[in-house]
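Before any comments, here is the structure.
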Amino acid sequence: MANFLLYLRVSGLFHLIVGMLYLFGFRLPETHNRYLLASSFTDFWRRINIYWKEFMQRIFYYPLVFRFRRMGTTRAMVLATLLVFTLTWFLHAYQWFWLRGTVLLVWQDVLFWVILGLVVVVNSLYEIKYGRERSLGKSDQTWRSLGLLTLKTFATFWFICVLWSFWTADSLSGWLSLWSALGGPYTFDALLYPAIILAVILVGSIERKGLRNTRASTQDENSWRRGRLVTVVALLALISVSVEAVHQQLGAKVATTIHSLRSGHLSRLDTAKLERGYYENLLSVDRFNSQLWEVYTKKPANWLDVQNAGLKRFTGDFAQTELVPSFVSRTPYGTLSVNRWGMRDQDHERTRPPNTHRIALLGASSVMGWGVGDGETFEALVETRLNKERATVAAPAFEILNFGVPGYQPPQQLMALDKALTFAPNVVVYVATGRELSRATSYLAEVVRKKIEIPFGPLRDIVARAGLDASMDETTGLRRLEPFSIDILLATYQRIVDQTRAHGAVPVFVFLPQVREGSWQEETPETLRLAKSAGFVVIDMSDVYKGQDIAAIRLAEWDDHPNRRGHELIASRLYDELQKKRETIFLPVSRASKN
Amino acid sequence: MTDDIEGAVKRFILMEFLPGEDPAELTDATPLITGGVLDSIATLKVVMFIEETFGISLQAHEVDSEHLDTIGQIAQLVRAKKS
């Protein structure tokens, strides 16, 4: 149903454009005609994106019918309809190629248009044989005919919703798992929206007098006034409800819904996908999603994503990937160098130099420093400043070893930790950047699905308790693991703390937010609580970007990695926080740590 | 002759697509395609009717609201084709 509402935004934009042009004297034909009220598939095709339908009809449908009609008019119409839908699919895919430079060939897209084409063909054959109801004005609508029309429209609406959900599904198994929701529970909320839709369809199906597109000058005066009065009253009602002081009187739930409808920000789902793109460089932006699509269409075709920079190689183990040792890349942001140990860092010896505080830094792409050149990462800036501002020359020096790897999820940091501990750090800093719970859970589901051995006992136990196995699809796997998400993250954090302390080092947890506010913030309080519970020294930098212009501290609208300015902010704040907790974090270097 | 074309087309449309409707409501200027009375399937049926009845042949580009939106326009097209 959400997809139907998404298209409502698209059709609304069309109506606004036509309306504005009408103010200047341009009377364009209508672009959509209440497609929510389509009572059949042919009716749906006629009502939705009329310009497209007219274009296909004129340029392809009628010429094809005329070309094929020696086969019989009905056969010609069927063939022409199928070809029109094939061409519609093709032209949609071509549009993607034109805008994005990549070919859109996904089975959901193909099947969507095939299924829609087939149902329209079947419907057309029915109409050819039995016709359909038409009238020149208001006919005598009975309760029975109104009831039947409402049911047909309701059924058409739900079929299209199902088809649309299929079109936007990431996978067939993911779509199939949606059907498990039919098992209930049927709460008030779950039934409310279908009931609202039914009511809207019922009211909308009540016949109005007159033909479509009738000019105002040919309408009778009462009908003209009534139409305008309804529009004005409806607009005033919508405007009134949109005022915060008014919708807050309607209860918290209604107020939140109205507020989100008014918001120009991405929806929760879009934001999650953009965040997922930040973490996983998701390239398959929802093909049908206009808001997120608008963000991604601004992205240049030659934009260098962190995942496409060739930085990583496969390891074949639980971590799956690591940075390529001795890799150097000239990026638009500066040189990106990976040392012989596979760290994005200057070279270090494995043995800790004497009289040195060695800090191992664990994290993902923001920690590694995607988007800035060598020496500009917050890690490098903090290291430089710590050494520069030492109390005396004899005071311990500082080394920060950057073990950040793009795309690493919390469980993968356990592998990074094992590597880091071989460098005998005094301090291990784990940097969390949001969505720790859901990312830890989804990564565990992923490794089970891929049949990757899990070398950590507590995580294996959780998988066993969840009853998860490799045969389950992504959606089912996540659903099994979600009740254990806190256990998964706590087990991960606990291991980091325990192993760090066992090696004589101090475990520090730094929460580094994303530059953009979003639904990822929902997990922050629980994440911080778990970090404290596990025994970390916690540094909460949730407000490090407060008061900053987002555009000034991130790489681009479609890439939320902090830029040079962003790293400077992080470095400054992290330095201050480390100084505040100096006594706790930087223990005397004379304390031995295991190699 | 003038009445024959308009009358024949009107009778066909009433019988095929608007049974039970008041014939007086269907005038020579009633918008059929833009008014939503004729969709593509119905328009093609009208095309077949006028081709068979009046012995003319239409082209694909003539099947649109500029040529077939009203009974008056249909009659005008038929006359143009026959002359």
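The values are calculated or read from the model by the stated rules, or taken from the named source; none is laboratory data. Note that the coordinates shown come from a computational prediction; the quantities given were computed from them, not determined experimentally. Counting neighbours? That spans all protein chains shown, and the Cβs are built from the backbone with ideal geometry, glycine included.
Just a few scattered comments:
- Strands (runs of 3 or more DSSP E) fully within segment A:331-408 counting 1 or more residues that are at pLDDT 90 or above, surrounded by fewer than 21 Cβ atoms within 10 Å (Cβ to Cβ) and touching a helix residue (DSSP H, G or I) at 6+ places or on another chain (Cβ under 7 Å): A:397-402
- Qualifying residue in segment B:66-78 (condition: in a helix (DSSP H, G or I), facing another protein chain (nearest Cβ under 9 Å) and surrounded by 15 or more Cβ atoms within 10 Å (Cβ to Cβ)): no
- Within segment A:5-45, tally of residues that are surrounded by 12 or more Cβ atoms within 10 Å (Cβ to Cβ), within 13 Å of chain B (Cβ to nearest Cβ) and without any contact (Cβ under 8 Å) to a residue 40 or more places away in the chain: 1
- When A:D109 is tested against (1) farther than 30 Å from A:T476 by Cα; (2) buried (at least 16 other Cβ atoms within 10 Å of the Cβ); (3) acidic (D, E), just one condition goes unmet, and that condition is (1).
Here's the yes/no breakdown for (1) basic (K, R); (2) touching a helix residue (DSSP H, G or I) at 6+ places or on another chain (Cβ under 6 Å); (3) closer than 28 Å to B:E51 by Cβ:
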residue	(1), (2), (3)
A:G25	no, no, no
A:A38	no, yes, no
A:F41	no, yes, no
A:F66	no, yes, yes
A:A76	no, yes, yes
A:L79	no, yes, yes
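- Within segment B:5-57, if we keep just the residues that are of a type in the set (D, E) and in contact with a Gly (Cβ under 8 Å, 6 or more places away or on another chain), the residue that is farthest from the other protein chains (Cβ to nearest Cβ) turns out to be B:E6.
- Residues of segment A:117-156 satisfying the condition of being assigned to a loop (DSSP other than H, G, I, E, B), of a type in the set (S, T, Y), within 11 Å of chain B (Cβ to nearest Cβ) and surrounded by fewer than 16 Cβ atoms within 10 Å (Cβ to Cβ): A:S139
- Filter result for A:K546 (more than 24 Å from A:S365 (Cβ to Cβ) and surrounded by fewer than 17 Cβ atoms within 10 Å (Cβ to Cβ)): no
- Whichever residue in segment A:204-236 is among the acidic types (D, E) and either closer than 19 Å to A:N33 by Cβ or outside any loop (DSSP other than H, G, I, E, B) (or both) and, among such residues, is modelled with the highest pLDDT: A:E207
- Condition check for A:F536: of a type outside the set (D, E) and under 28 Å from A:G566 (Cβ atoms): yes
- Under the condition of being in contact with an Asp or Glu (Cβ under 7 Å, 6 or more places away or on another chain) and surrounded by 19 or more Cβ atoms within 10 Å (Cβ to Cβ), the residues counted in segment A:549-580 number 2.
- Count - residues of segment A:538-563 that are farther than 12 Å from A:P513 by Cα and without any contact (Cβ under 8 Å) to a residue 12 or more places away in the chain: 3
- Selection from segment A:1-57 of residues that are of a type in the set (K, R) and more than 20 Å from A:I160 (Cβ to Cβ): A:R27
- Hey, A:T74 in contact with a Gly (Cβ under 7 Å, 6 or more places away or on another chain) and within 14 Å of chain B (Cβ to nearest Cβ) or not: no
- Any hit, segment A:46-61, residues being β-branched (V, I, T), more than 10 Å from chain B (Cβ to nearest Cβ), over 23 Å from A:Y130 (Cβ atoms) and surrounded by fewer than 16 Cβ atoms within 10 Å (Cβ to Cβ): no
- A:L421 satisfies every condition listed in (1) buried (at least 23 other Cβ atoms within 10 Å of the Cβ); (2) in contact with a His (Cβ under 9 Å, 6 or more places away or on another chain); (3) not hydroxyl-bearing (S, T, Y) except (1).
- When A:R501, A:R495, A:R529 are checked against the criterion of being at pLDDT 95 or above, closer than 12 Å to A:E436 by Cβ and surrounded by fewer than 21 Cβ atoms within 10 Å (Cβ to Cβ), a single residue qualifies: A:R529.
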